[in-house]
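The values are calculated or read from the model by the stated rules, or taken from the named source; none is laboratory data. Note that the structure is predicted; figures quoted are calculated from it, not measured. In this analysis, Cβ positions are derived from the backbone assuming ideal geometry, glycine residues included, and neighbour counts consider all displayed protein chains. Side chains included, ligands, DNA and RNA excluded: accessible areas come from the protein's heavy atoms. Shrake-Rupley method; radii C 1.70, N 1.55, O 1.52, S 1.80 Å.
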Protein chains: 2
Amino acid sequence: MNSRLPISGDAVPYRLRLPGPTAVPERVLRALARPMIAHRGPEFLERFRDIQARLKPILGRTGAEPHLFAATGIGAMESAVVNVAGPGKRVLIATNGQWGPVFRRLAEAVGAEVDEVVTAPGEAVDLEGVERALKAKQYAAVFGVHSESSTGVLTDLKALGAIVARTPALFAVDSVSGLAGAEMKQDDWQVDVVVSASQKALMCPPGLALASVSDKAWDVIQRDDRGPRSYFDYRRFHPNSEKGEPTYTAPVSMLTALHESLMMIGEEGLDATLARHRRLSTALTAGAVAMGFTLFPKAPTSPTLVVLETPDGIDAIALIDRLADGYNTIIAGTRFENLKHRMIRIGTMGAVSDGDVLTDLHHLAGATRDLGGRPDETAGLAAAAEVLAG
Amino acid sequence: MNSRLPISGDAVPYRLRLPGPTAVPERVLRALARPMIAHRGPEFLERFRDIQARLKPILGRTGAEPHLFAATGIGAMESAVVNVAGPGKRVLIATNGQWGPVFRRLAEAVGAEVDEVVTAPGEAVDLEGVERALKAKQYAAVFGVHSESSTGVLTDLKALGAIVARTPALFAVDSVSGLAGAEMKQDDWQVDVVVSASQKALMCPPGLALASVSDKAWDVIQRDDRGPRSYFDYRRFHPNSEKGEPTYTAPVSMLTALHESLMMIGEEGLDATLARHRRLSTALTAGAVAMGFTLFPKAPTSPTLVVLETPDGIDAIALIDRLADGYNTIIAGTRFENLKHRMIRIGTMGAVSDGDVLTDLHHLAGATRDLGGRPDETAGLAAAAEVLAG
């Protein structure tokens, strides 16, 4: 620990600035604390149906109702896999970071034959590679990642969806760190399954998952017995979701929290919410780059997080520790072994404000100086402020 | 709606008196509302480890650490099934209510061969039948239900465990509505897998599940690849749980709530908590019987709920509706089609007090009178008070 702490770790508020789980707004915390009510009673069912109704424009979905269930993001991803993949089915995964391989592991676990089109971390999905693969073989499903939270890259789902839609394959997308922060147009983009989770741009605690299934996918899922699936079986969810009822015992408090966060998004307006995420991520990026950091992605970026390489001589692990110890600011590193001394990741999803971005930059500059760097904080704040003003 | 409402539905507090989800104590609600913290940071990990430590005496377990994961009770049950059953494995289910058939469905979904020893609802598990079945065939696992919440019967797990332990089969138990309300001695009773969930006697909202695995079961699970299992794979949980770390993104708020409820149980003392559940369920039963209701179970009862048949001429569905509409008191009916006009179920698990039992009886008497019955409320309250004083 550095002895010349610029500020006491206790004198500044704890700042959860991970790319998820994100800080939970006070209003949502208060919703969590509401007394428990009967999960099949009229008051709760009304809330459940309003959640479904509020999610659909965020999904860009007009058809069947979304499913909601207790699970983490991995559970949401597994739900997509067990419903559209299965023993002996051939599936294709468009990988450009850490979440494609998770789809691979889950698909292999259910006995699917898995092909992968891989591009380097930080690059966009290889659309031509996917197109070639789909011409060479027939696939039951293609899996993609909307916001690759390991690299900060946003996938062009419209383009990928158009490619997949020319084949009989279903298109399943992990939008765990995308939904409600990055635009999603499930219907227009021909995405058959969108899965997401509560703890990212939906700004709730972790533990609640959702899945939205196209009519095309539902046709396949309901007639095709692909293998073992119970808890995550969309055939079990579908009739309940259509009636506006939860499947299993509803995670009442988590759903009440989600209801509150969806009302906040409704009050801000979805377009404004999405624009805010883009503005904040652009501002944080501009500020950090002006201070001497390097933007990691070499492709269109996700508006829900910023992934940076540290200035020369600044060790990322030391910087992350310094931010936590000296500034009470919790950011993330990477699981890419070769990047762990250079990569940092900061969320811009959920309840993040202009002030958070400026504070991030101020603390990044301070911690960088503490480690012997010479960040140009003035330039950084000016660059961010210019974007924020824009 | 009856026009001569004795009290306004709005003038009395909403009383969640289901056999789960149960009312959540104010302290636990406040814990839910604590700000989100990093799920891999030191503050949260300390809390996680304390949860594990506090659960073990409640489980009667000294060995490996329990697993905690986002799921409902069904998810907890499925986790037991996918880890100890599997394609082609033969399993035996001791059924005496609604939860045995759920184990059957889950086991069949993973391709297991399922035998069932069935006794009538309200009766105890057929121990001799289980013993005969285990002599006739070899089973990979036997499934039992600790507290059969559909009938109010408590299973003699010590006896069942001793029978199973004479064979190579693993013994897996659903203690969703048992744990922390009914005594559990996992080690002593030779239970290999105990699964439970947050929303019953653990007095948290629904959405958090747990599993505790014996060394004998872990030996089998880790070397035996039974088939597809990912989200619920104990092989994935085990190394993390042993380190005191969550697997996947931890459901931070739900775990913080569980931590608070476990501290409350710790302050009351586990023995006192268990004794309170027994005292309250005995008092509620005595009071209801004195008022003209009939105890449904014909076997030892679970201390976490009371299952009653209504007096002649009182329709259970009408009574439940009347309690909700006129008394703001939410109790449960049954899914047994032939009992739905006679059976009611009331929880005595979790944060339930003497006053709740007296209030239950007062409202039961009022609602019964509203429907034309003649309950002896004085006798009911006296009988309950005598037990409570005892």
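Report, by residue number, each residue of the stretch B:133-148 that is touching a residue at least 24 places away in the same chain (Cβ under 8 Å), open to solvent by 10 Å² or more (accessible area, probe 1.4 Å) and either among the charged types (D, E, K, R) or part of a strand (DSSP E or B) (or both).
Within the stretch B:133-148, just B:K137 meets the criteria.
Can B:V306 be described as part of a helix (DSSP H, G or I) and in contact (Cβ under 8 Å) with a residue 40 or more places away in the chain?
no
With respect to the numbered conditions (1) on the phi > 0 side of the Ramachandran plot; (2) within 14 Å of another protein chain (Cβ to nearest Cβ); (3) without any contact (Cβ under 8 Å) to a residue 12 or more places away in the chain, which one is the sole condition not fulfilled by A:S230?
Unmet for A:S230, out of (1) on the phi > 0 side of the Ramachandran plot; (2) within 14 Å of another protein chain (Cβ to nearest Cβ); (3) without any contact (Cβ under 8 Å) to a residue 12 or more places away in the chain: (1).
Which one of these does A:V82 not meet: (1) more than 19 Å from A:W189 (Cβ to Cβ); (2) modelled with pLDDT of 95 or more; (3) touching a Lys or Arg at 6+ places or on another chain (Cβ under 6 Å); (4) open to solvent by 10 Å² or more (accessible area, probe 1.4 Å)?
Going through (1) more than 19 Å from A:W189 (Cβ to Cβ); (2) modelled with pLDDT of 95 or more; (3) touching a Lys or Arg at 6+ places or on another chain (Cβ under 6 Å); (4) open to solvent by 10 Å² or more (accessible area, probe 1.4 Å) one by one, A:V82 breaks only (2).
Which one is farthest from A:T348 (Cα to Cα) among residues in the stretch A:24-40 that are open to solvent by 10 Å² or more (accessible area, probe 1.4 Å), more than 7 Å from chain B (Cβ to nearest Cβ) and in contact (Cβ under 8 Å) with a residue 12 or more places away in the chain?
Ranking the candidates gives A:R40 first.
Assuming B:G390 fulfils every condition listed in (1) open to solvent by 20 Å² or more (accessible area, probe 1.4 Å); (2) out of contact with any Gly (no Cβ under 9 Å at 6 or more places or on another chain); (3) at pLDDT 95 or above apart from one, which condition is it?
Exception for B:G390: condition (3).
Specify which of the listed residues (A:A367, A:A379) is farther than 26 Å from A:K200 by Cβ, out of contact with any His (no Cβ under 6 Å at 6 or more places or on another chain) and either assigned to a loop (DSSP other than H, G, I, E, B) or of a type outside the set (S, T, N, Q) (or both).
Going through A:A367, A:A379 in turn, just one is farther than 26 Å from A:K200 by Cβ, out of contact with any His (no Cβ under 6 Å at 6 or more places or on another chain) and either assigned to a loop (DSSP other than H, G, I, E, B) or of a type outside the set (S, T, N, Q) (or both): A:A379.
With respect to A:P21, is the statement that it is more than 9 Å from every other protein chain (Cβ to nearest Cβ) and either not in a loop (DSSP other than H, G, I, E, B) or not aromatic (F, W, Y) (or both) true?
no
Within 9 Å of chain A (Cβ to nearest Cβ), among the aromatic types (F, W, Y) and closer than 20 Å to B:S198 by Cβ: which single residue out of B:F69, B:F48 fits that description?
Among B:F69, B:F48, only B:F69 is within 9 Å of chain A (Cβ to nearest Cβ), among the aromatic types (F, W, Y) and closer than 20 Å to B:S198 by Cβ.
Can A:R335 be described as crowded, with 20+ Cβ neighbours inside 10 Å and charged (D, E, K, R)?
no
Given the conditions (1) within 30 Å of A:A31 (Cα to Cα); (2) open to solvent by less than 20 Å² (accessible area, probe 1.4 Å), report the number of the one that A:G355 does not fulfil.
The failed condition is (2).
State yes or no: is B:D325 away from every other protein chain (no Cβ under 14 Å) and either open to solvent by 10 Å² or more (accessible area, probe 1.4 Å) or at negative phi (or both)?
Taking the combined requirement at face value, the residue does not satisfy it.
Could you tell me whether B:V110 is modelled with pLDDT under 95 and of a type in the set (A, V, I, L, M)?
Considered against the rule, which asks whether it is modelled with pLDDT under 95 and of a type in the set (A, V, I, L, M), B:V110 comes out as yes.
Tally up the residues in the stretch A:189-214 that are within 13 Å of another protein chain (Cβ to nearest Cβ) and charged (D, E, K, R), please.
1
Out of all the residues in the stretch B:85-96, which are in contact with a strand residue (DSSP E or B) (Cβ under 9 Å, 6 or more places away or on another chain) and open to solvent by 10 Å² or more (accessible area, probe 1.4 Å)?
Scanning the stretch B:85-96 gives B:G88, B:K89, B:R90.
Quick check: anything in the stretch B:76-83 in a strand (DSSP E or B) and either of a type in the set (A, V, I, L, M) or more than 17 Å from the chain's Cα centre (by Cα) (or both)?
No, the conditions are met nowhere in the stretch B:76-83.
Yes or no: A:P57 at pLDDT 95 or above, farther than 27 Å from B:G20 by Cα, assigned to a helix (DSSP H, G or I) and in contact with a helix residue (DSSP H, G or I) (Cβ under 8 Å, 6 or more places away or on another chain)?
Against the criterion (at pLDDT 95 or above, farther than 27 Å from B:G20 by Cα, assigned to a helix (DSSP H, G or I) and in contact with a helix residue (DSSP H, G or I) (Cβ under 8 Å, 6 or more places away or on another chain)), A:P57 qualifies.
State which residue is farthest from the other protein chains (Cβ to nearest Cβ) when the search covers only the stretch B:239-275 and only residues that are closer than 30 Å to B:P297 by Cα, of a type outside the set (A, V, I, L, M) and in contact (Cβ under 8 Å) with a residue 12 or more places away in the chain.
B:T273
Suppose we filter A:V191, A:V195 for residues that are within 18 Å of A:F69 (Cβ to Cβ) and either in the same structural domain as A:F103 (by TED's automatic domain parsing) or of a type in the set (D, E, K, R) (or both); which single one remains?
A:V195
All but one of (1) closer than 28 Å to A:G97 by Cβ; (2) part of a loop (DSSP other than H, G, I, E, B) hold for A:G372; state the number of the condition that does not hold.
The failed condition is (1).
Take the conditions in the same structural domain as A:P101 (by TED's automatic domain parsing), of a type in the set (S, T, N, Q), modelled with pLDDT of 95 or more and within 30 Å of B:L32 (Cα to Cα) and apply them to A:S230. Does it pass?
no
Please specify each residue of the stretch B:51-68 satisfying the condition of being in contact with a Phe, Trp or Tyr (Cβ under 7 Å, 6 or more places away or on another chain) and either surrounded by 20 or more Cβ atoms within 10 Å (Cβ to Cβ) or basic (K, R) (or both).
Across the stretch B:51-68, the qualifying residue is only B:H67.
What are the residues in the stretch A:84-126 that are in contact with a helix residue (DSSP H, G or I) (Cβ under 7 Å, 6 or more places away or on another chain) and within 13 Å of chain B (Cβ to nearest Cβ), if any?
Of everything in the stretch A:84-126, those that are in contact with a helix residue (DSSP H, G or I) (Cβ under 7 Å, 6 or more places away or on another chain) and within 13 Å of chain B (Cβ to nearest Cβ) turn out to be A:A85, A:V102, A:F103, A:L106, A:A107, A:V110.
Looking at A:T310, A:T256, A:T301 in this structure, which one is open to solvent by 10 Å² or more (accessible area, probe 1.4 Å) and among the hydroxyl-bearing types (S, T, Y)?
A:T301
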